[in-house]
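**Q** Starting off with a structure, shown below.
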Amino acid sequence: MLRLLLVCSCKRIRQFSYTIFSNPKFNIFLQALEDGLKRADADPSVKAVMICGENGKFSAGADIQGFSSPKRQGIALGPLVSLIERSEKPVVAAIEGIALGGGLEVALGCHFRVAHVQARMGLPEVTIGLLPGAEGTQRLPRLIGVPAALDLITTGRHIPATEALKLGLVDEVVEENTVEAGIRLANKLIGQPLGPRRLSLKPIPRLPNMEAFLSEALVKVKKQARGCLAPELCFQAVKAATEQPFADGVRRERELFNILLTSGQAQALQYAFFAERAVQRWTTLSGASWKSASPQPIRRAAVIGLGTMGRGIVTSLVKANIPVVALEQDVEYLNTGRKAVMLLLEREAMKMGQDAQSLDFHNPARLQFTVDFDGLRDVDLVIEAVFENMALKKEIFKKLSGICKPGAFLCTNTSALNIDEIASATSHPQQVIGTHFFSPAHVMRLLEIIYGRHTSPAAIATAMQLAKAMKKVGVVVGNCFGFVGNRMMFPYVQQAVFLLEEGSRPENVDQVIEDFGFKIGPFRMSDLAGLDVGWRSRKGQGLTGASLPPGTPARQRHGRRYSPLPDLLCEQGRFGQKTGKGWYQYEKAGGRTARPDPWLHSFLSEYRDTHQIKTRFIDQEEILERCLFSLINEGFNILAEGIASGPEHLDVIYINGYGWPKHKGGPMFHASTVGLPRILAKLQKYSEAHPDVPELRPSAFLKKLVAAGNPPLKEWMSCSGSQSSKL
Ligand SMILES: CC/C=C\C/C=C/C(=O)SCCNC(=O)CCNC(=O)[C@H](O)C(C)(C)COP(=O)(O)OP(=O)(O)OC[C@H]1O[C@@H](n2cnc3c(N)ncnc32)[C@H](O)[C@@H]1OP(=O)(O)O
């Protein structure tokens, strides 16, 4: 909520409390600001005006919910910012807490800006698919120069007050009461000329090579945007500021803003913003929820296993300022793991600069390495991160159950294994919970949190709190094979491989998926992760390898279609990047540049000949639909079973853990935009063509929703007979 303080000649402050922007939940009352400014200008006793926030916050900007509301109305902010700037009396912005989006644009209209040292500011509109549409794209480059403005506007990053001061975005940073400092400043400014402080009148600071700079910047922005429209249109708006007078630049900004507003991407990104917050309000099938469960403090944690996942998890815990005990099975593994963890932490410290001091990871009180389970006696939480092997995990949990204090939470980092079976090895299964980290664990934001039959609400609340401390987004899901993320991934990967059997090449499939906006297609992903991982799992499930009963048809398992292609590649030692060959070829073992492999193409032809599969041309539409709609179909099954309590959970998981393009809102949001009747019709078509693929059979819940008239996403769960959406 913004307030207007009127500074009078007698140095008394008349205070009008005008709600301009929300504390973000409330509506925008711009009219009040306009009226207040006009009254201040007309009143000779008022000598200066100050705009500040309430409750220690300047403004989080406009109400994001309002952008997708069909009833969006009211006066525009840009003209008001101009009105502030035109004021004949000095207007000072006193920024505390946050000044984001439209809030910062208001501050840019002021003649002076004073900020508290702990304030943060930014123009994050790009992250919700928009651009700073209240003349911010025209004022900011005039104030801080084109490179810095482009950076802030196209990334949306929030910056601290100290950085804002260096950039010239604010005039003063104070450690004391910002409002009082603002009033002092306002008093000093009374009677001073304001012309040079009106940003719309300032020329753009020139660069010797503006044209070259802008072309390079555009290439960078496009590369980072990966199909997302907003960064490029933000760029265009700033470019307009470099080429056109202020008023024309503002007109261009408005045009571009309207394109974005109606683009569909903005709705998807705004949905993703609220979805990420909605998943914090978790519930379980048995009715436990965030409302009544209390997280327990984690004063010390332990990690078991210092493989790739364990190393990343230790790093995340250290960065979250949680003292850690890291345990390995023997000294050799421990030393290798210690070196790797230290390297990761050194790198993180480099990235953090001065703030890195707080990590203090050379201090054994903060990070300790051991091979002795006794060192885990007094920890509050353990994260086991050993191999995906049930017997091994159960053995470890049995041991932990005897050693750890009864209140300690026992987490297993698994991507698919049964949490209840692991918990059965302990004497307090209510303390056991699944925490599925994504690789690299210190980078990836997603944490899938899986509750078992006995998991206590406190364990769930604590895991959620831990996710937050590690700056991750925790999503609570039920226990089933593959949980949510991997369970939905299986049909997608399966379709990708079936498409190869029928006539596609890995590079065709990857291209279609990457053009859709995924960071990486299924085959490049498989080469990166290592084909041997899935091979081991399939051998464990008896789908391939020595335990396969003789006479099993090559392309069928349990009466369903099966493709042995990935197994055949593994038998040839083609494990992906690590061996230099997989679905692609690489320059060397460990190489990263995937090149289409003629060997693989001939191998696929021979395979089709052997199995008498007629090679056919498969178009982009079929590739995309078979991969994505089968994944979405599984999502509907998951919702029907109550494994996730709403579609937003699935979407947050896919955006943060599986590279789903955020500007497409996640798989379930995408389904809602494509339209459920279309998805159903396509699945029916593909299922008829491939009756031996149960994953293509439309989910009963999808059919129910279509029969119910294709309701909007936020009403889906009320049709499920399960729980309701949080949105
Ligand atoms: C033609 C007109 C053109 C332009 C005008 C201006 C445009 C804009 O201003 S666009 C909006 C720009 N602002 C943002 O993008 C800020 C978004 N919010 C945040 O980054 C964060 O919420 C925060 C930094 C402000 C606070 O973070 P944190 O303390 O971690 O709290 P939460 O994120 O959990 O948020 C708490 C609560 O507030 C809701 N919320 C936050 N910001 C907005 C907002 N701008 N509009 C609507 N609602 C907002 C958020 O959803 C949470 O709600 P729940 O508690 O119900 O989950």
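Just so you know, all these numbers are worked out from the coordinates, no wet-lab data involved. From a predicted model like this one, the values you see are computed outputs, not experimental measurements. Because the Cβ atoms are built from the backbone with ideal geometry, glycine has one as well, and the counts that use them run over all protein chains shown.
**Q** Would you grab the residues whose amide H sits under 5 Å from the one on ASP597? Only those 5+ places off in sequence or on another chain, please, with H modelled 1.01 Å from N.
**A** Here the answer is GLN585, since their amide H atoms fall under 5 Å of that of ASP597.
**Q** A further question on this structure: Run the helix sum for the chain: -39,500 (n - 2.57) per DSSP H stretch of 4+ residues, divided by residue count, reported at 222 nm to the nearest 500 deg cm²/dmol.
**A** The per-residue figure over the chain is -14000 deg cm²/dmol.
**Q** Excluding GLU695 itself, calculate the net charge of residues whose Cβ lies under 12 Å from the Cβ of GLU695, where each Lys or Arg counts +1 and each Asp or Glu counts -1.
**A** On the way: positive: ARG487, ARG560, ARG561, ARG626, ARG697; negative: GLU634, ASP692.
Result for the neighbourhood of GLU695: +3.
**Q** Can you give the charge dipole size of the range 620-719 about its Cα centre, rounded to the nearest 20 debye, using +1 on the beta carbon of Lys and Arg and -1 on the beta carbon of Asp and Glu?
**A** Computed charge dipole of the range 620-719: roughly 240 debye.
**Q** Additional query: Could you work out how much longer the chain between LEU568 and LYS471 gets when fully extended? Use 0.36 nm per residue separation minus the Cα distance between them, nm to one decimal.
**A** The LEU568-LYS471 span can extend by a further 30.9 nm.
**Q** Distances over 23 Å make up what percent of all Cα-Cα pairs in the range 573-727?
**A** Tail fraction, whole percent: 51.
**Q** Using a Förster distance of 60 angstrom, determine the FRET efficiency expected from the C-beta separation of ILE520 and LYS38, and round it to 0.05. Intermediate values should be presented prior to the final figure.
**A** Numbers: r = 55 Å, r/R0 = 0.92.
It comes out at approximately 0.60.
**Q** Taking the DSSP beta bridges in the chain as the whole, what percent of them are antiparallel, to the nearest 5?
**A** If we restrict to bridges inside the chain, about 40 percent are antiparallel.
**Q** Putting +1 on Lys and Arg Cβ atoms and -1 on Asp and Glu Cβ atoms, find which of ILE679, ASN413, ILE98 reaches farthest to the positive end of the dipole of the chain.
**A** ILE98
**Q** Neighbour counts of other C-beta atoms within 10 Å: give me ILE304, ILE419, ILE613, ILE204 arranged from fewest to most.
**A** ILE613, ILE204, ILE419, ILE304
**Q** What's the angle, to the nearest 10 degrees (0 to 90), between helix 265-278's Cα axis and the longest principal axis of the chain?
**A** Between the helix axis and the principal axis of the chain, the angle is about 80 degrees.
**Q** Here's something else I'd like to know. Calculate I(q)/I(0) for the range 484-599 by the Debye formula, one identical point scatterer on each C-alpha and no solvent, and give its log10 at q = 0.10, 0.15, 0.22 Å⁻¹ to two decimals.
**A** -0.30, -0.68, -1.38
**Q** Can you list the HN-Hα couplings for the range 564-572, worked out from phi with the Karplus curve (6.51, -1.76, 1.60; θ = phi - 60°), rounded to whole Hz and with x for Gly and Pro?
**A** x, 3, x, 5, 4, 5, 5, 4, 8
**Q** Among all lysine pairs in the range 301-477 that are eight or more places apart or on different chains, how many have alpha carbons less than 13 angstrom apart? Can you show the working numbers first?
**A** On the way: LYS319/LYS351; LYS319/LYS468; LYS319/LYS471; LYS319/LYS472.
Going through the range 301-477 pair by pair, I get 4.
**Q** Is there a quick way to get the dipole size of the range 301-477? I mean about its Cα centre, with the Cβ of Lys and Arg at +1 and of Asp and Glu at -1; what is the value in debye to the nearest 20?
**A** 400
**Q** Tell me the GluC sites (Glu not before Pro) within the range 341-433 that lie in a loop according to DSSP and have at most 10 other beta-carbon atoms within 10 Å.
**A** Nothing satisfies the criteria.
**Q** From the mean inverse distance of alpha carbon pairs (Kirkwood) and the Cα radius of gyration, derive Rg over Rh for the chain.
**A** Result for the chain is an Rg/Rh of 1.01.
**Q** Here's another thing I want to ask about it. Among LEU256, ILE449, PRO661, which residue has its Cα furthest toward the positive end of the charge dipole of the chain, with +1 on Lys/Arg Cβ and -1 on Asp/Glu Cβ?
**A** LEU256
**Q** Reachable lysines from LYS239, Cα under 26 Å, same-chain residues fewer than 8 places away excluded?
**A** In chain and number order, the partners are LYS166, LYS202, LYS220, LYS222, LYS223, LYS662.
**Q** Sticking with this one: Using label points projected 7 Å from each Cα along Cα→Cβ, tell me how many nm separate TRP599 and ALA546, to one decimal.
**A** 2.6
**Q** Which whole-Hz couplings ³J(HN,Hα) result when phi for each residue of the range 704-710 is put into the Karplus expression 6.51 cos²θ - 1.76 cosθ + 1.60, θ = phi - 60°, listed in order with x for Gly and Pro?
**A** 4, 5, 5, 5, 7, x, 6
**Q** Sticking with this structure for a sec: So what's the range 301-477 giving for Cα Rg divided by 2.2 N^0.38 Å, two decimals?
**A** 0.95
**Q** Could you compute the FRET efficiency for ASN209 and ARG184, with r as their C-beta to C-beta distance and R0 at 51 Å, rounded to 0.05? All intermediate terms of the calculation are to be shown ahead of the outcome.
**A** Working: r = 42 Å, r/R0 = 0.82.
The formula returns an efficiency of 0.75 here.
**Q** Another question, if that's okay. Tell me, GLU85, GLU172 in order of fewest to most beta-carbon neighbours within 10 Å? Could you put the intermediate results ahead of the total?
**A** On the way: GLU85 20, GLU172 17.
With the fewest neighbours first, GLU85, GLU172 line up as GLU172, GLU85.
**Q** Can you tell me which lysines have their Cα less than 16 Å from the Cα of LYS703? Leave out same-chain residues fewer than eight positions away.
**A** Straight-distance partners of LYS703: LYS682, LYS685.
**Q** Continuing with the same structure: With unit charges on the beta carbon (Lys/Arg positive, Asp/Glu negative), name the residue among MET390, PRO506, LEU345 whose Cα is farthest towards the positive pole of the charge dipole of the chain.
**A** My answer, from the dipole projection, is LEU345.
**Q** Counting other Cβ atoms within 10 Å, which chymotrypsin sites (Phe, Trp or Tyr not before Pro) in the range 455-558 have at most 11 and lie in a DSSP loop? Each step should come with its number before you reach the end.
**A** Details: sites: PHE481, PHE483, TYR492, PHE498, PHE516, PHE518, PHE523, TRP535; in loops: PHE481, PHE483, PHE518.
When the chymotrypsin sites (Phe, Trp or Tyr not before Pro) of the range 455-558 are filtered for loop state and at most 11 Cβ neighbours within 10 Å, PHE481 remain.
**Q** Give the lysines whose C-alpha is closer than 20 Å to that of LYS581, dropping any in the same chain fewer than 8 places away, or say none.
**A** Straight-distance partners of LYS581: none at all.
**Q** Using Cα-only point scatterers and the Debye equation, what is log10 of I(q)/I(0) for the range 154-280 at each q in 0.17, 0.19, 0.22, 0.23 Å⁻¹, rounded to two decimals?
**A** Debye intensities relative to I(0), on a log10 scale: -1.15, -1.22, -1.31, -1.34.
**Q** Right, something else. Given H placed 1.01 Å from N in the peptide plane, which residues other than close sequence neighbours of VAL173 have an amide H under 5 Å from its amide H?
**A** Sorted by chain and number, the residues that satisfy this are ALA115.
**Q** Something else: Residue by residue through the range 494-510, which ³J(HN,Hα) values in whole Hz follow from phi under the Karplus form 6.51 cos²θ - 1.76 cosθ + 1.60 (θ = phi - 60°), with glycine and proline marked x?
**A** 4, 4, 4, 6, 4, 4, 5, 4, 8, x, 7, 10, x, 5, 5, 5, 4
**Q** For labels at GLN244 and ASN335 in the simple 7 Å Cα→Cβ model, what's the distance in nm?
**A** If labels sit at GLN244 and ASN335, their model points lie 6.7 nm apart.
**Q** When the dipole is taken about the Cα centre of the chain, and only Lys, Arg (+1) and Asp, Glu (-1) are charged at their Cβ, what size is it in debye, to the nearest 20? Write out the running numbers ahead of the final one.
**A** Values: 87 positive and 70 negative charges, 187 e Å.
In debye, rounded to 20, the chain gives about 900.
**Q** At a temperature of 10 °C and a viscosity of 1.306 mPa s, determine how fast the range 2-261 diffuses translationally according to Stokes-Einstein, using the Kirkwood radius over alpha-carbon pairs as Rh; express D in µm²/s, rounded to the nearest whole number. Don't jump to the answer; show the numbers that get you there.
**A** On the way: Rh = 18.3 Å.
So the translational diffusion coefficient is about 87 µm²/s.
**Q** Right, another one. Using the basic label-point model (7 angstrom from Cα toward the beta carbon), what is the SER537 to GLU641 distance in nanometres?
**A** The modelled label-to-label distance comes out at 1.4 nm.
**Q** Separate question: In what order do SER427, SER699 fall by count of nearby beta-carbon atoms within 10 Å, going from fewest to most?
**A** SER427, SER699
**Q** Roughly what angle does helix 30-42 make with the longest principal axis of the chain, taking Cα atoms, 0 to 90 degrees, to the nearest 10?
**A** Roughly 20 degrees, rounded to the nearest 10.
**Q** Can you give me the long-range amide H partners of GLU384? Hydrogens built in the peptide plane at 1.01 Å from N, cutoff under 5 Å, separation of 5 or more residues or another chain.
**A** Those qualifying (amide H under 5 Å, at least 5 residues apart or on another chain) are ILE304, CYS411, THR412, ASN413.
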